[in-house]
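In what follows, a single structure is set out as structure tokens and then discussed.
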Amino acid sequence: MTDSLQITDIKVDGYERVVRGTDAKSGLRAFIAVHDTTLGPSLGGLRMWPYASDDDALFDVKRLSRGMSFKSAVAHTGLGGGKAVIVGDPKTIKSEALYLAMGRFIDALGGRYITAEDVNTSIEDLEVIRRATKHVTGLARKDGGSGNPSPYTAYGVYLGIRAALGWKFGNDNPKGRTVVIQGIGAVGSALARRLIEAGATVFAADRNIERLGQLQSEIGVKPVDEKQVMTMPCDVFAPCALGAVINDQTIPGLKCPIIAGAANNLLLEPRHGKVLADRDILYAPDYVINAGGIVNVSVEFNPGGYDEKVALSRIERIPQALKELWTISKEERIPPSDAADRLAERIIADARGVKKAQALPPNPKGRSGC
Ligand code: NAD
């Protein structure tokens with residue numbers, strides 16, 4: 001039987017491989033971008049989204065895969081950066097045939113791209129994909145995977161907030177501090193729990209009013225109106241919902257000395273990192289502070305398999321990584337967001353240099369190099 005899956009390469013400068021996969025039988029239309037595998041196989045989640053066009057999907061998969069390279073580099077996960085997107089409305093296109101076709105698409109890359117959960121895909125979807133490829137991570141613990149990454153992301157963000165408090169105020173204890181969380185979903189709620197346990201006062205906004213009310217009675221989160229969440233005076237603003245919330249419209253209203261949260265791509269444009277620095281707002285670069293989830297998944301590649309203790313000890317390095325970035329930022333007078341990008345690029349370039357040197361033929365006997 002011939003496979004109806006069609007795979008087309010798209011040449012994109014700066015990316016190792018970008019491919020489009022279509023399958024007429026299941027209706028699959030997907031893209032995989034392998035940004036860089038210098039540090040290891042590329043790993044990044046599979047997103048399903050009703051993109052308006054293929055160009056929009058391609059733009060997103062490229063942006064997200066590059067972000068994964070940088071995140072993994074700074075977190076020293078031993079992985080490269082990749083991402084996959086399926087074009088379509090998750091309410092209507094999900095099917096077993098579609099995920100099996102996606103699995104075959106992933107498998108065709110021979111392990112250079114490894115998938116995981118992302119927006120609009122679940123562990124159940126990954127289980128179907130795994131029937132067609134072994135290059136799947138983030139499965140349930142009972143299936144040998146590392147499970148839901150959100151509590152680990154929240155742990156890293158919590159430690160990152162403590163590091164930011166220490167850097168800004170000389171005392172990292174959250175007791176008596178006020179933290180405002182935007183979006184109290186999987187990560188935001190776990191973060192709120194930790195902060196409240198440590199004695200902080202936590203205000204939060206969420207579109208889901210019911211969930212907010214539940215967390216108010218369960219753990220004492222104080223609800224805030226969605227429209228006021230970014231203008232409330234506080235010690236830390238922790239965005240845990242959407243990207244691009246730090247922009248020209250919102251920055252003038254901010255009344256926080258620290259921004260440290262889980263959401264990806266928080267700055268609408270790179271230049272907003274400098275706008276924050278000019279206002280003396282300490283920024284914890286998003287892909288550094290929210291790396292707990294990918295660090296947890298990366299432990300699946302350990303020779304002995306997943307081990308939570310190893311994962312936690314690696315997540316506990318996030319505060320040190322942030323402090324290094326804030327130091328570079330201070331010494332080189334660049335925003336922490338730029339310091340993070342530079343560090344990631346340097347880590348990848350250094351590893352590329354070492355690989356190239358290792359690939360050179362040995363020096364012939366008796367001849368000295370010069
Ligand atoms: P989630 O979907 O569980 O939670 C997001 C919450 O934000 C939801 O409760 C939603 O109702 C709320 N929300 C949406 N729009 C809002 C708005 N305008 N104002 C206030 N609340 C709003 O997602 P999550 O897994 O908790 O992830 C949160 C963020 O962190 C996302 O940006 C995600 O990309 C990022 N992130 C998550 C992980 C992880 O391990 N889950 C890892 C890295 C980064």
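Where a number appears in this text, it was derived from the coordinates with a stated rule and is not lab data. Please read these numbers as outputs of a predicted model, since none were measured by experiment. Quick reminder, even Gly has a Cβ in these numbers, built from the backbone with ideal geometry, and neighbours come from all protein chains shown.
Things worth noting here:
- Here the range 245-324 and the range 163-202 have alpha carbon centers that stand 14 Å from each other.
- When the listed pairs LYS62/LYS356; LYS25/LYS91; LYS62/LYS274; LYS62/LYS355; LYS255/LYS309; LYS11/LYS134 are checked against a 29 Å cut-off, the alpha-carbon distance exceeds it for LYS255/LYS309.
- Oblate is the label for the range 150-339, because the ratio a/c of its alpha-carbon gyration tensor axes (a ≥ b ≥ c) is 1.5 or higher and a/b is not greater than b/c.
- For the range 259-352, Kirkwood radius (reciprocal of mean inverse C-alpha pair distance, Å): 14.4
- Distance-filtered residues of the range 163-191 - backbone nitrogen under 19 Å, label point 7 angstrom along GLU331 Cα→Cβ: 167-168
- With the charge dipole of the chain set up from +1 on Lys and Arg Cβ and -1 on Asp and Glu Cβ about the Cα centre, the Cα lying farthest toward the positive end among the listed residues PHE301, LEU58, LEU254 is that of PHE301.
- Distances between placed amide hydrogens fall under 5 Å for LEU282 paired with ILE258, ILE259, all partners being 5 or more residues away or on another chain.
- In degrees, nearest ten, helix 209-219 long axis to first principal axis of the chain (Cα): 70
- DSSP bridge orientation in the chain - percent antiparallel, rounded to nearest 5: 45
- Here the range 1-160 is treated as an ellipsoid with the same Cα gyration tensor; its semi-axes, largest first and in whole Å, are 23, 19, 15.
- Charge dipole (Cα centre; +1 on Lys/Arg Cβ, -1 on Asp/Glu Cβ; no other charges) of the chain amounts to roughly 860 debye.
- Segments 45-56, 287-298, 317-328, 302-313 sorted - mean Cβ within 10 Å per residue, highest first: 287-298, 317-328, 45-56, 302-313
- The fraction of all Cα pairs in the chain landing in successive 20 Å bins from 0 to the largest distance is 28, 56, 15, 1, given as whole percents.
- Surrounding net charge for LEU267, when Lys and Arg each add one and Asp and Glu each subtract one, Cβ distance under 12 Å: -3
- Helix 150-169 and the longest principal axis of the C-alpha atoms of the chain enclose an angle of approximately 50°.
- Taking the C-alpha atoms only, the angle from helix 318-332 to the longest principal axis of the chain is near 80 degrees.
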